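**Student:** Shown below is the structure under consideration.
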Amino acid sequence: MHRRSTISSSVALGGLLLAACGSGAQSPAQPAATAPATAEAPTQPLPPAPAIPEGPALGADERAAAPGRIFFLAEREGGAAIDVILPSGQGAKTMLQGTGGEGPPSVLPGPISPSGELMAIITVDEHEGGHFERIEVRPLGAAGELGEPLWRSETAPQVRSPAWSPDGRKLAFEAAFSSFRDIYAVDLADRAAPKLNRLTDHPAGNYEPAWSPDGRRIAFVSSRDGNAEIYVMHADGREPQRVTHFQLDDWGPVWSRDGGLLAFLSNRESAERIFLVKPDGTDLRRLTADAPGDRKEFEPAEAEPTFTPDGGGLVFSTRTGSQQAALRRADLATGAIVPLTAGTSSNREPVFSPDGKLLVFASDRDGDPELYLMRPDGSGVVRLTDRKGVDWLPRWSPR
C-alpha cells in the first residue's frame, strides 16, 4: 500500500488518518501517533514563497459571530486530551483526558455529526506489546461537554477512519475485527440499541469510507485488484464499482458538495498529488496543472483536499520544504491556484467553519503547533490557541 506522512483531515476527509504502509501490509490510513510532520525535502530547488493576501486581522466581532466551537487534539506533558475552544478564543477547556505515557495519543477527536449532537472518538491502548484501537460515539452537550459513550466498538489492531452519513444516523469506519480490514457502519437511529452492519468482506483490505452528499453511496479504497484504488458502492455495501485504474496507489476519497466529483490522492506520478474524477470513473484530471518533474510554482506532496462550502473550489496543503507546508485554494472552473499561506512554516489541516466564512488550521509559525483562524481568502490570520504543547486535528462543530 501507499505511504502516508501525517494526519489530514482529510479526514477527509471525514476520518483520522496517518502514516506509512508497506506493500499490501497495512491500510492507507492509520491513527495519529505524532503531531503533524512533513516528508523529506524535495530534491529540486523550491520557488520563492508566493505573496499571500493582506488584510486586517480578524476582529473580536468577526470571531464572536462565527458559529459553533472547535474541538482539537491537545498534547501536553500529562498526555493527550480532547480540548474545545470558541472561535473567539474564549472557553478553552479539556473535555476528555487520555492516559499519559509514551506512544501514540490515547484519545483522538474524530468527526462530529452534521447536527453537532454526536462525536466519534478513537481510543488507543498499548500494553504488553499489543496495540488496540476502538471507536466510541459520544453525545455533545450544548456547552460542548462530552457525555458517556452511546456506542463502543470492539477493540482491534486497527479501528479507524470514521465518517458520518449526511443525516448523522450512521457512522462508517474501517476495522480489523475478523479480517485484514473491512468497512462497517453502525446505525444509531435507535440509540438504545445501535446496529452494526458489515459493508465489505474481502481479504485484500478495504479502507477510508466517505459518504456521498445524498447518503446513497460510499466511496472507499480497496486493494482487491492489486494496488490501492478508489471504489464506490451503495450505502448498504452492494455493487462496488471500481473508479480508478492505475498500477500505483490511489487513496483518500473526498466528495464534492454536489456529489459530482471525487477528489483523491495518488502517487501515480511518483509524487503525492490530488486528482479529480467523476464517480463513474470519467473525466479524470490532476488538480494542479504542472507535472512534478517540471514544477515551477507548485510542489509535490499535495494532501488534505477540502472542498469549499460553495462547491466551486478546493483547499489543500502542499509541501514547501523538509518541515514546511502551505495552504492553497484551487478554483475548479478555471484551474487558478491562490496561495493562502506562504509555506515558510508548516500549515496543515484546513477546516471550514459551518457557515463557510472562516478556516481553522494548524501551524507551527510561532513555535510549537497551534491552531489559527483566517478568512477563506487567506487574510486576517490570527492565533487561536496559545498554550505550551501541540494543538492539532481541529474539528469544527456547528453548535
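**Student:** Rounded to two decimal places and with Rh computed the Kirkwood way over Cα pairs, what is Rg over Rh for segment 183-237?
**Tutor:** That ratio is 1.03, to two decimals.
**Student:** Given R₀ = 35 Å, FRET efficiency for residue 177-residue 258 by Cβ-Cβ distance, to 0.05? Can you show the working numbers first?
**Tutor:** On the way: r = 34 Å, r/R0 = 0.98.
It comes out at approximately 0.55.
**Student:** Compute the signed sum of charges (Lys and Arg +1, Asp and Glu -1) over the other residues within less than 13 Å, Cβ to Cβ, of residue 215.
**Tutor:** Working: positive: 169, 170, 216, 217; negative: 167, 187, 214, 236.
Every neighbour counted, the sum reads 0.
**Student:** Arrange the peptides 217-230, 268-281, 369-382 so that the one whose residues have, on average, the most other Cβ atoms within 10 Å appears first.
**Tutor:** Values: 217-230: 22.3, 268-281: 17.8, 369-382: 20.5.
So the order, starting with the most tightly packed, is 217-230, 369-382, 268-281.
**Student:** How much length is gained if the chain between residue 148 and residue 86 is pulled fully straight, taking 0.36 nm per residue apart and subtracting their Cα-Cα distance, in nm to one decimal? Don't skip to the answer; put the middle values down first.
**Tutor:** Values: separation 62, 0.36 × 62 = 22.32 nm, distance 2.22 nm.
Extra length from residue 148 to residue 86 when fully extended: 20.1 nm.
**Student:** What are the ³J(HN,Hα) couplings of segment 269-278, residue after residue, when phi is run through the Karplus curve with 6.51, -1.76, 1.60 and θ = phi - 60°? Round to Hz, x for glycine and proline.
**Tutor:** Result, rounded to whole Hz: 10, 6, 7, 7, 10, 9, 10, 10, 7, 6.
**Student:** Same structure again: Figure the gain on full extension for residue 310 and residue 379 (residue separation times 0.36 nm, minus the Cα-Cα span) and round it to one decimal in nm. Walk me through the numbers on the way to the answer.
**Tutor:** Working: separation 69, 0.36 × 69 = 24.84 nm, distance 1.84 nm.
Full extension from residue 310 to residue 379 adds 23.0 nm.
Laboratory data are not the source of any read-out in this text; all were calculated from the coordinates shown. Remember, it's a predicted structure, so these values are computed and weren't measured experimentally. Heads up, the Cβs are rebuilt from the backbone with ideal geometry, glycines too, and the neighbour counts pull from every protein chain shown.
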